[in-house]
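Taking it in order: structure first as C-alpha cells, then the write-up.
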Amino acid sequence: MQKRRSRLGENGIWPYVLLLPALIVMVSVVVIPIINAVGMSFQYYNLTRPNRTAFIGLDNYTKILGSKLFWQSLWRTLIWVFFGVGLQFVFGFMLALLLNRDYRGRGVVRAVSLIPWVTPGVLIALMWRWILDGNYGVFNDLLKKLGIISENVAWLATKGTAMPSVITTIVWQGIPFFAIMLLAGLQGVSHDLYEAADIDGATRRQKLFYVTIPSLRNTIYVTTMLRIIWVANSVDVIWNMTEGGPAYATQTLSVYIYKEASSLNMGFASAMAILLMLVLLLVAIPYLRSTFGQEG
Amino acid sequence: MKNTTFHESRAFRFFTLWLPLILFLLFLLFPFYWTLVTSLKTDAELHSLTVVYWPQQPTMAAYRYLFQQYNFLHPMRNSLLVAVITMALSLTVSTLAAYSFSRFRFPGRKPLMMLFLTNNMFPTVLLLIPLFTNMRKLGLLYTPWSLVLSYTTFTIPFSVWLMNGYLNDLPVSLEEAAMVDGANRAQAFLRIVLPILLPCLLATGVYIFMQSWNEYTFAVLFTNEKSRTIPVALKNLIGQLGVQWELITAGGIITIIPVCIMFFFAQKRLVSGLTAGAVKG
C-alpha cells in the first residue's frame, strides 16, 4: 500500500492545488485576523473613542500583566479547564466502555446518550440555568426531596457554588464528545490483543490498563488536546449562565476578553487574547509533538 | 472471563452495565425532559412554589406564541440557509484537502497537516475582533456570508480528519484500475471514489450542519435583526421583564429536533469514520 501511494505521489503540483481552496478560507479567516490582532494589541483602539486610536507599544500588555483581575482570570481558566476536561474525560471514557458492550438496544442507547453533543451551547447554558434556578429550579427541589438540603440554594448567584455549577454544565456537554471519540477508538482496537490477554489469563482490570488504554493512547492525546483548547476558549456556556459573575467568580480569560470586546475595547482585548493564545500553545506543543512524532 | 461464574451472573451484569448506564442516561437526558416539560407548562405551574414534574394541563401556548409573536420561522430560515451553504462549501474544500493528504505524499505534507489540525487552536475571541472589522470592510457583515466563511473554517479540521479516515479505508487499487482503463485522476475520483464515499460525505455533512446550526458567539456579533440565526434568537427571548422560561424551552425543543433527527441517521457512520481516522492517524 505504502509503495503504491508513493508512486501515485509523483504528481507535481496536484496535491497543493487540492489543498488550495481550504487554505484560502483558512488564511482569510484565521491567519490574517491573527496578524490584525497582533497589530491591534499594540494600539489604543477603543471603538467608543475611534479618534483616540494610536500606537502605544507594549502598554496594553504591561497593563494586563500588572492587573490582579488578569491573573485571577487565568487561575480560574486553569480550574475550569482542569476540572471541566478531567471529568469529561473520566465519565466519557466510562460511557464509551459501556456503549462498547454487547446488549439489546445498544444502538438506541448510543444515539440517545450522545444528544448533548448536538445541542447548541446557548441552549445548554439556558437549560442548566433554569434547572439550577434559586427560586423555581428543579435541582433544589430534588435535593430537598432527598433530604440533602433544607433551604433553596441560589447555585449560580453564590460565589462558592457558581464555578462548580458551570463546570458541571460543561462536563455534561463534553461527556458525549469523549464517549464518541473513544468509542471510535475502542472499535479500532484489535481483537487479537484481547484474545492474547485472555490466553494469558488477564483480568478485566488488567485488560483495561494493559490493552485498552495503551491502544487508545493516540486517540486520548488528540481528543484531550482538542478539548482542552476548546474548553479554554469557550465563552457561550459561562456567558449565558453567569456572565462571569457573581463578583468575577466564573470569569475565565475567554469570558474576560469577550466582555472587553463587547464593550469595544479592542486593543486591550486583543492583547489579552494573544496572551491566552500563547498559554494554549504551551499546552499544545508537547501534545502535537507526541502525536506527530509517532508518525515520522 | 472463564474463571468465575460471578462474572457471568445477572447481578454482575446489573452492577457493571445496567446500573451505570441508567445513571448516565438519567444525568444526560434529564435536562431535555425538563426542557420539554417546562415548555408545556402554564404560567401558574411554572411559578408555583411546589415544583411540578408533569404538567396537569399541558399547553402549546408557548409554541404558538413563538411563531406568531416572535416570528421564529425567520431565524430558522436564516439558520437553515447558513447551515446548508456552509455544509456545501466546507464539504467541498475538506474533501479535496483530505484526498490530497490521503493519496499523495509530497514535501510539506506534515506541516500542512499540522496547520489544518491547529487551525482550531486559536481563541475564538482573538479572531472575533479583527474578523468583525474585516467583514465590515468587505461589506459581508450582517449577511449570511460572514457566518458561512467563519463556520467553514472552523469545521475544516474535523471534516478533513473524518474524510481522511474514510479515504484511507478505501483501497487505492480502485482508482488505479480506473486509471489503467484510461480515466484521468479527476474522472476516477468523480466516478469511482465519490459514489462510494457518499454515505461518509453525508455523515460529515451532518457534523458541519450541526456546528453551523448551533453556533452562538460569532452569530451574535455578525448578524442583525434581519439575518439573526436561531441561537441568537433564543438568547434574545430573554427580555427586560425577566426570563420567560416556557418560551426559551419551547424554542430550544424546536431547535434541537432537526439536528437530533439528522444525528440519529448519521451517528453510526460518524463513529466508523472516526475509527478509521483514529487508527491510521
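The values are calculated or read from the model by the stated rules, or taken from the named source; none is laboratory data. Note that this is a predicted model, so its numbers are computed, not measured. Note: ideal-geometry Cβ built from the backbone for every residue, glycine included; neighbour counts use all protein chains shown.
A few points about this structure:
- Exactly one residue out of B:ALA83, B:ALA62, B:ALA97 is assigned to a helix (DSSP H, G or I), under 21 Å from the mean Cα position of the chain (by Cα) and more than 8 Å from every other protein chain (Cβ to nearest Cβ): that is B:ALA83.
- For B:MET114, the conditions (1) assigned to a helix (DSSP H, G or I); (2) of a type in the set (A, V, I, L, M); (3) more than 8 Å from chain A (Cβ to nearest Cβ) are fulfilled apart from (3).
- Residue within segment A:108-117 that is assigned to a helix (DSSP H, G or I), under 30 Å from A:SER41 (Cβ atoms) and in contact (Cβ under 8 Å) with a residue 40 or more places away in the chain present: no
To keep it simple, each residue is scored yes or no on (1) surrounded by 15 or more Cβ atoms within 10 Å (Cβ to Cβ); (2) part of a helix (DSSP H, G or I); (3) within 11 Å of chain B (Cβ to nearest Cβ); (4) at pLDDT below 90.
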{"position": "A:MET181", "(1), (2), (3), (4)": "yes, yes, yes, yes"}
{"position": "A:GLY185", "(1), (2), (3), (4)": "yes, yes, yes, yes"}
{"position": "A:ASP192", "(1), (2), (3), (4)": "no, yes, no, yes"}
{"position": "A:ASP198", "(1), (2), (3), (4)": "no, yes, yes, yes"}
{"position": "A:GLY201", "(1), (2), (3), (4)": "no, no, yes, yes"}
{"position": "A:PHE209", "(1), (2), (3), (4)": "no, yes, no, yes"}
{"position": "A:THR223", "(1), (2), (3), (4)": "yes, yes, yes, yes"}
{"position": "A:ILE229", "(1), (2), (3), (4)": "yes, yes, yes, yes"}
{"position": "A:THR250", "(1), (2), (3), (4)": "yes, no, no, no"}
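- Residue within segment B:79-101 that is in contact with a Pro (Cβ under 6 Å, 6 or more places away or on another chain) and more than 28 Å from A:ILE13 (Cβ to Cβ) present: yes
- The sole residue among A:ILE131, A:ILE167 that is over 29 Å from A:VAL211 (Cα atoms) and more than 9 Å from chain B (Cβ to nearest Cβ) is A:ILE167.
- Output for segment A:39-61, where each listed residue is small (Gly, Ala, Ser) and farther than 13 Å from A:ASN265 by Cβ: A:GLY39, A:ALA54, A:GLY57
- When the residues of segment B:37-57 are filtered to those that are loosely packed, with under 10 Cβ neighbours inside 10 Å and in contact with a helix residue (DSSP H, G or I) (Cβ under 9 Å, 6 or more places away or on another chain), the one that is nearest to the other protein chains (Cβ to nearest Cβ) is B:THR50.
- Residues in segment B:236-266 that are on the phi < 0 side of the Ramachandran plot and over 19 Å from the mean Cα position of the chain (by Cα): 14 in all.
- Any hit, segment B:122-139, residues being over 30 Å from A:LEU278 (Cβ atoms), at pLDDT 90 or above and assigned by TED's automatic domain parsing to the domain that holds B:TYR207: yes
- Listed conditions (1) touching a His at 6+ places or on another chain (Cβ under 8 Å); (2) closer than 23 Å to A:ILE175 by Cβ; (3) hydroxyl-bearing (Ser, Thr, Tyr) are all met by A:TYR136, apart from (2).
- One residue stands out in segment A:69-107 among those that are small (Gly, Ala, Ser) and part of a helix (DSSP H, G or I): the one that is farthest from A:VAL171 (Cα to Cα), namely A:GLY107.
- Segment A:26-59, residues that are away from chain B (no Cβ under 12 Å) and at pLDDT 90 or above: A:PHE42
Results for (1) in contact with a strand residue (DSSP E or B) (Cβ under 6 Å, 6 or more places away or on another chain); (2) surrounded by fewer than 23 Cβ atoms within 10 Å (Cβ to Cβ); (3) in contact (Cβ under 8 Å) with a residue 24 or more places away in the chain; (4) under 29 Å from A:LEU226 (Cβ atoms), shown as yes or no for each residue.
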| position | (1), (2), (3), (4) |
| --- | --- |
| B:THR143 | no, yes, yes, no |
| B:LEU147 | no, no, yes, yes |
| B:VAL160 | no, no, yes, yes |
| B:LEU202 | no, yes, yes, yes |
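- Each residue in segment B:157-188 was checked for being on the phi < 0 side of the Ramachandran plot and more than 27 Å from the chain's Cα centre (by Cα), and 17 pass.
- Output for segment B:100-111, where each listed residue is assigned to a helix (DSSP H, G or I), facing chain A (nearest Cβ under 8 Å) and modelled with pLDDT under 90: B:ARG103, B:ARG109, B:LYS110
- Test: residue in segment A:146-159 that is under 18 Å from A:VAL255 (Cα atoms), more than 9 Å from chain B (Cβ to nearest Cβ) and hydrophobic (A, V, I, L, M, F, W, C): yes
- Selection within segment B:257-275 - of a type in the set (Val, Ile, Thr), within 9 Å of chain A (Cβ to nearest Cβ) and either without any contact (Cβ under 8 Å) to a residue 24 or more places away in the chain or touching an Asp or Glu at 6+ places or on another chain (Cβ under 8 Å) (or both): B:VAL271
One line per residue, one yes/no per condition, for (1) touching a residue at least 12 places away in the same chain (Cβ under 8 Å); (2) under 30 Å from B:LYS226 (Cα atoms); (3) not in a helix (DSSP H, G or I):
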position	(1), (2), (3)
B:PHE24	no, no, no
B:GLN56	no, no, yes
B:MET76	yes, yes, no
B:SER79	yes, yes, no
B:ALA88	no, yes, no
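- Residues that are β-branched (Val, Ile, Thr), within 12 Å of chain B (Cβ to nearest Cβ), over 23 Å from A:VAL30 (Cβ atoms) and under 17 Å from the mean Cα position of the chain (by Cα) are absent from segment A:263-286.
- Listing of helices (runs of 4 or more DSSP H) fully contained in segment B:194-250 that carry 2 or more residues being closer than 30 Å to B:SER272 by Cβ, within 8 Å of another protein chain (Cβ to nearest Cβ) and modelled with pLDDT of 90 or more: B:194-214, B:230-236
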